[in-house]
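In what follows, a structure is listed as structure tokens, so that the remarks can point back to it.
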There are 4 protein chains.
Amino acid sequence: MIKVGIIGSTGYAGGELVRLLLQRENVEIKWYGSRSYIGQDYASVYANMFQLVDENCMDDNMKELAGLVDVVFTATPQGLCASLVDEEILSKVKVIDLSADFRIRDVGVYEQWYKLKHASPQFIGEAVYGLPEVNRELVKSARLIANPGCFPTCSFLTVYPLVKEGLIDPNTLIIDAKSGTSGAGRGAKVDSLYCEVNENIKAYGVGVHRHTPEIEEQLSYAAGKPVTVSFTPHLVPMNRGILVTAYASLTGNASEEELRAAYEKYYQKEYFVRLLKPGVVPQTRWVEGSNFADVNFKLDPRTNRVVMMGAIDNMVKGAAGQAIQNMNLMFGLAEHTGLRQVPMFP
Amino acid sequence: MIKVGIIGSTGYAGGELVRLLLQRENVEIKWYGSRSYIGQDYASVYANMFQLVDENCMDDNMKELAGLVDVVFTATPQGLCASLVDEEILSKVKVIDLSADFRIRDVGVYEQWYKLKHASPQFIGEAVYGLPEVNRELVKSARLIANPGCFPTCSFLTVYPLVKEGLIDPNTLIIDAKSGTSGAGRGAKVDSLYCEVNENIKAYGVGVHRHTPEIEEQLSYAAGKPVTVSFTPHLVPMNRGILVTAYASLTGNASEEELRAAYEKYYQKEYFVRLLKPGVVPQTRWVEGSNFADVNFKLDPRTNRVVMMGAIDNMVKGAAGQAIQNMNLMFGLAEHTGLRQVPMFP
Amino acid sequence: MIKVGIIGSTGYAGGELVRLLLQRENVEIKWYGSRSYIGQDYASVYANMFQLVDENCMDDNMKELAGLVDVVFTATPQGLCASLVDEEILSKVKVIDLSADFRIRDVGVYEQWYKLKHASPQFIGEAVYGLPEVNRELVKSARLIANPGCFPTCSFLTVYPLVKEGLIDPNTLIIDAKSGTSGAGRGAKVDSLYCEVNENIKAYGVGVHRHTPEIEEQLSYAAGKPVTVSFTPHLVPMNRGILVTAYASLTGNASEEELRAAYEKYYQKEYFVRLLKPGVVPQTRWVEGSNFADVNFKLDPRTNRVVMMGAIDNMVKGAAGQAIQNMNLMFGLAEHTGLRQVPMFP
Amino acid sequence: MIKVGIIGSTGYAGGELVRLLLQRENVEIKWYGSRSYIGQDYASVYANMFQLVDENCMDDNMKELAGLVDVVFTATPQGLCASLVDEEILSKVKVIDLSADFRIRDVGVYEQWYKLKHASPQFIGEAVYGLPEVNRELVKSARLIANPGCFPTCSFLTVYPLVKEGLIDPNTLIIDAKSGTSGAGRGAKVDSLYCEVNENIKAYGVGVHRHTPEIEEQLSYAAGKPVTVSFTPHLVPMNRGILVTAYASLTGNASEEELRAAYEKYYQKEYFVRLLKPGVVPQTRWVEGSNFADVNFKLDPRTNRVVMMGAIDNMVKGAAGQAIQNMNLMFGLAEHTGLRQVPMFP
């Protein structure tokens, strides 16, 4: 039995962790942390859990929690996880952080983009960037996981094989991303109101979105050299889903078949990454509720560019699902344990 | 291993059967019937199933199918199931019909409301109306199940305890129902286009909707006398979900507590029916993707009426989920086997 | 030139007043009141007005305003308008109040349902309930208009002819209303977030919604006796629109034709109320952006009830449009001046 | 009085022409052409027009029509307009074609991308590409207008000043466009059903969309040299609106201010193009229902690229509104006559 604690269990990502973990055999959620709802019935906050969860919300006392559980998920605002961990805690409990605190290797870059002082830079080095498709072996033995951001997960998986194989010039990469509104969180903001989001689409964070350095860092590892990209997210009137449309110039004259071979090389054995058939475009509805990432590409001979597309559910592969995928690896379970939900359509 | 055949597997309800059955242990889908897509790759029709289903669509040859599988689900237009079954087939295979063919005991009423000649009236008598919360024992031994309609399921579960206990006058019942658009099916009709449904709400089938006699018949059994109700469905711009708001006059002076006691009497032990706490209203989002029916009520002393509310996912408890609940009972399994999906929110 | 002031111009109804008044000849908006945005550029709050409105937001100084303009619209929370008016102000400027402060004749009923002490009960008597289809002549000479609520407008227009003609028993009336989300206002609340409203429908204020006494009072005038109704609003995932489905028992044996004749009697000459052809249901999309109220009914001989349906745009006929309709009448203009927008579809 | 005929009046763009022309002084719609609904009451097809339009739908007899009206709008599938015009007709009536038939100068390019034989290549040369912001003077004296496509209108207006001034390299242009679903038309297709579009986003026509050569041709005129771009449209779950996000590399080292000056040079005097303030992003909701195009840009010094953004209502500036803007010019009216609708929000 894996005993689990969740700090930040009443945010959308926290609620998704509960949804995915709740009826698993061999997993027990022992701690529903939520600073905003301490003492309240969890199921009164998320009524989908009525009669499924009987617990009340707890504070974020990591020390106490570390003595109770095997793994802690922190689905909290930036900076909180870094302020809660120390050597004693990490020696007692595995931590999977869904915030950005340990995703960026260079603490200066983190502090510049996030406008925060990092509280635990000493653990950045050991934290593993929890993208199992790339860092599977490292994840297995990690005690601290930096769970990737939603946009970086989708962006990276969409372009990775062609960058890794040197088939596209990574510095020509333009990543145009579209996200459902759950990515904006459950905070009560005018900009997230139904009437403001419905019947609307807009870009946001143009040129300054904080997922940019995370995408660039991971692409740099794949390319073996520094990479700078244009990244622009958009807010789409739907609850879930991220679609990435990425554009890059070929480095040479790779054919459609050679490009496809690169994708197959990296994804053929991956359960959660589905390379679609030629001509089929990724759509968020086909992955909704699941941990799948659907990817495909189209070579455009007119421009010598390739258009790469990827779709994930931002709440699952972009957050809670990937965190559980990491947990499975850390506890020696089959990677897809409890994560084989068929996407829900319509 | 229960071997399953689905006729009509490419409609929305058929797709939902596949979603719910696909990764169950001890269940194997052997036949993806779809008259419209014979020979085509099922996953090309429902791309959420890509790499999960490898089969092609088959015709609706019930005879052949009956030799291959243990149970057949018919998720087909009215009249088809009745035209496919005969004694030989029913002696070989269990049939769970998601259409209305065997829901109405009086064939004349069926033919009048459905404007169809019934092809197998001889089986109406033995067919069991598959609402396990009422007919559980009959379901277990049935060979032909009339799986209830989506509106009747939600309407009935919402008002049943008060009708059964005689606390409301069933002939004062007004059932105002609101449904997501998946209930209209996957047929290409102008009225179901995105731009026609989005930013719109309308009633339809006012006074003539075919679920009316089904609701009345089941309520008549509960009331022990003939019941006539007003039933008006509405089309709501969302994919899934049915909300029923039902109004009726009290027969006496029952208090809030007495009404609640009636609900508890019938639903306390039911896994799938959740009687919400006082003051909490059912909402479709809290049951989405699950087999739950959430119900509650409000006594209005000003009018001596009670307002009863219920919410289901029309694709699950209103169709595929309930069909599987019936299948579980017919095969001696725990009723909620494979049906404990936590509702997905947001 | 009619000079106009708006208090509460940055709420949704206030914004709609601006939209409808902005490019009218002979109307000039002189005051964009908004307590929350004093001193800010109005077009930075409603970017649709960019380059159309150059003014900054002002406070709600009614005294100063009364010296500047001919008419003040108050699109503000309950209680504010009552606290701002006095004899001096009403002697200088016409006031059209979009809140509920002067809608209820009995101050005790107001205070009970709104849980507020009324600050100006002395003006309740003279205020005219601004439903022009009923009170046209009174509106023309009023100096204080109680602009009807969105639900009461739609509910009343839907059932009025049959109540007025005594063809239905008003105490059997059940009004099931469905509203778009703009009715909840622009306040930053979790319940109004996109992800909470989208893919959901729920009832709210069951048995206690504050529009109930307003509906009952107006129906009482029509019926010539006290009327008590069941009224239940629902929140629908769309921006605009209210649909009312109302049910009542016939008092006698009126035929479909007699019922239609009653509707025609009251609405044939009304520009803004459209009695649809037999069998055509009102839909919110067909009135969106316009001041129309579409109504129709269906006699159900099985239950001896009639189902009455009506649709409006809650922002227009349910708020700003009706307020302007009243303004037109008060200033001797043709009632539909500036209000002949064709509904926008899709 | 300008007498107007519309061929294709029951498509979404045709309906929008009716909405915008209906209550204009000095304009009278004399012919509601619709091959699919000949003889039917127009208001039964578009119930928003109930009691506003009394006419029946007519066929597409251009010869007869040309004798009756001053201008014909063709809002019809590709190929139809070209098959209907001849010298006699053009000598009698002005034609504004909302299809693509006369947008592409090179008939070979047209026939290759549209897979159609052009029926009237002899008129391509004289047809004026009806983008008034660029071709205003030519429009005034034209007898045949090629009304621009929705994507080309938005794409072109978004990037035009920087291309025209040589500040960006047009061959680095990547245009990522997002469209509401009305752009897909009113045809009954599974892909346009509510449940297929809702909660989904996808790219379509990747690398092969037919608006590509139109965009390239117009950009070539601006750049003074051949231009090839990457253009990818996406389908967004909303009724109306197009957002374009365009990326290009600077040719030199232009500053934010210099880029802004270029936009101001071309758009300062344009009523319908609104250059937003620095840092404000275009959003489709702020132009909905109006003929505005909102544009802005962001210089990204990290990549030496500029991100250009533009938003229009695809039904108005992207179709019917722009057609009327052209009509106004052709008949010597102020360009914004009847087109000053304030965008509707929410």
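Converting phi to 3J(HN,Hα) with the Karplus coefficients 6.51, -1.76 and 1.60 and the offset θ = phi - 60°, the range A:321-329 yields x, 5, 4, 6, 4, 5, 4, 4, 5 Hz in sequence order, with x at every glycine or proline. For the peptide B:87-99, the mean number of other protein chain Cβ atoms found within 10 angstrom of a residue's Cβ is 0. Each Cα pair under 8 Å and six or more residues apart adds its separation to the average, and for the range B:2-126 the resulting relative contact order is 23 percent. For the segment D:242-250, counting C-beta atoms of other chains within 10 Å of every residue's C-beta and taking the mean gives 3.
Computed about the Cα centre, the dipole magnitude for chain B is approximately 440 debye when only Lys and Arg (+1) and Asp and Glu (-1) carry charge, each at its Cβ.
For the range A:151-313, the relative contact order comes to 30 percent (Cα pairs under 8 Å, sequence separation of at least 6).
Can you classify the protein assembly as shown as rounded, prolate or oblate using the Cα gyration tensor, where a ≥ b ≥ c are the square roots of its eigenvalues, rounded means a/c under 1.5, and otherwise it's prolate if a/b beats b/c and oblate if not? Rounded shape, in that the Cα axes give a/c under 1.5.
Comment: the Cα-to-Cβ extended label point of D:Gln122, at 7 Å, lies 7.4, 8.4, 8.8 nm from its counterparts in the other copies, nearest first. Take D:Asp59, push a point 7 Å out from Cα through the beta-carbon direction, and compare it with the same point in every other copy: 4.3, 7.1, 8.3 nm, smallest first. Residue-level result for chain B: its Cβ closest to the axis carrying B onto C, with that distance in Å, is B:Asp176, 2. Each DSSP beta bridge with both residues in the range B:232-333 is either parallel or antiparallel, and the antiparallel ones are about 85%. For A:Leu275, the residues whose modelled amide H falls within less than 5 Å of its own, excluding neighbours fewer than 5 places apart on the same chain, are A:Val295. Please label the shape of the range A:78-173 as rounded, prolate or oblate, based on the square roots a ≥ b ≥ c of the eigenvalues of the alpha-carbon gyration tensor (a/c under 1.5 means rounded; beyond that, a/b larger than b/c means prolate, else oblate). The shape class here is oblate.
Distance between the pseudo-spin-label points of A:Lys140 and C:Asp106 (7 Å out from Cα toward the beta carbon): 7.7 nm.
Computed from Cα positions, the angle between helix B:12-21 and the longest principal axis of chain B comes to roughly 80 degrees. Out of all DSSP beta bridges with both ends in the range B:163-318, state the antiparallel percent to the nearest 5. Within the range B:163-318, antiparallel bridges account for around 75 percent of the total.
Straightening the chain between D:Asn253 and D:Phe331 buys 23.7 nm, computed as 0.36 nm per residue apart minus the Cα-Cα spacing. For C:Ser9, the residues 5 or more places off, or on other chains, whose built amide H falls under 5 Å of its own are C:Gly33, C:Ser34. Which of rounded, prolate or oblate describes the range C:45-113 when judged by the alpha-carbon gyration tensor and an a/c cut-off of 1.5? Because a/c hits 1.5 or more and a/b fails to exceed b/c, the range C:45-113 counts as oblate. Each of A:Tyr42, D:Tyr37 has some number of other Cβ atoms within 10 Å of its Cβ, and from fewest to most they run D:Tyr37, A:Tyr42. A simple rule links phi to the HN-Hα coupling: the Karplus curve 6.51 cos²θ - 1.76 cosθ + 1.60 with θ = phi - 60°, which for the range C:225-241 gives 6, x, 10, 10, 10, 8, 10, 9, x, 10, 9, 10, x, 7, 6, 10, x Hz, with x for Gly and Pro.
Once you reduce the range C:236-268 and the range D:122-183 to the center of their Cα atoms, the two points are 49 Å from each other.
Working note: Karplus 6.51/-1.76/1.60 with θ = phi - 60° gives the range B:119-134 the couplings 7, 9, x, 5, 9, 4, x, 8, 4, 9, 6, x, 9, x, 5, 10 Hz, where Gly and Pro are set to x.
Each of the GluC sites (Glu not before Pro) that DSSP puts in a loop and that has at most 13 other Cβ atoms within 10 Å breaks chain C; the longest unbroken stretch is C:127-346. Expressed to the nearest 5 percent, the antiparallel share of DSSP beta bridges inside the range B:1-150 is 5 percent. Mean per-residue shielding of peptide C:44-53 is 6, counting Cβ atoms of other chains within 10 Å of each Cβ. Taking amide H as placed 1.01 Å from N in the peptide plane, D:Lys202 has its amide H under 5 Å from the amide H of D:Leu235, each at least 5 places away in sequence or on another chain.
Put the Cα centre of the range D:61-102 next to the Cα centre of the range B:57-91 and the gap is 55 Å.
Give the nm distances, rounded to one decimal, from C:Glu28 to the matching residue in every other copy, measuring between label points 7 Å along Cα toward the beta carbon; shortest first. Ordered by distance, the counterparts are at 3.6, 7.6, 8.4 nm. Ranked for footprinting exposure by Cβ neighbours inside 10 Å, fewest first, D:Leu144, A:Leu333 give A:Leu333, D:Leu144.
With contributions of -39500 (n - 2.57) from each DSSP H run of at least four residues, the per-residue ellipticity at 222 nm computed over chain B stands at -8000 deg cm²/dmol. Determine, from the Cβ-Cβ distance of C:Glu28 and A:Leu68 and an R0 of 56 Å, the FRET efficiency 1/(1 + (r/R0)^6), rounded to the nearest 0.05. E(calc), rounded to 0.05, equals 0.25. Pairs exceeding a 27 Å alpha-carbon distance, out of B:Lys140/B:Lys164; B:Lys189/D:Lys63; D:Lys140/D:Lys317; B:Lys269/B:Lys317; D:Lys140/D:Lys164: B:Lys189/D:Lys63. This ranking places C:Asp176, D:Asp60 by how few other beta-carbon atoms lie within 10 Å of each, fewest first, which gives D:Asp60, C:Asp176. About its Cα centre, the dipole of the protein assembly as shown is roughly 0 debye, where the only charges are +1 on Lys and Arg Cβ and -1 on Asp and Glu Cβ.
Every read-out reported here was derived from the displayed coordinates using simple, explicitly stated rules and does not represent laboratory data. Predicted model, so just to flag it, every value in this text is computed and none were measured. Counting neighbours? That spans all protein chains shown, and the Cβs are built from the backbone with ideal geometry, glycine included.
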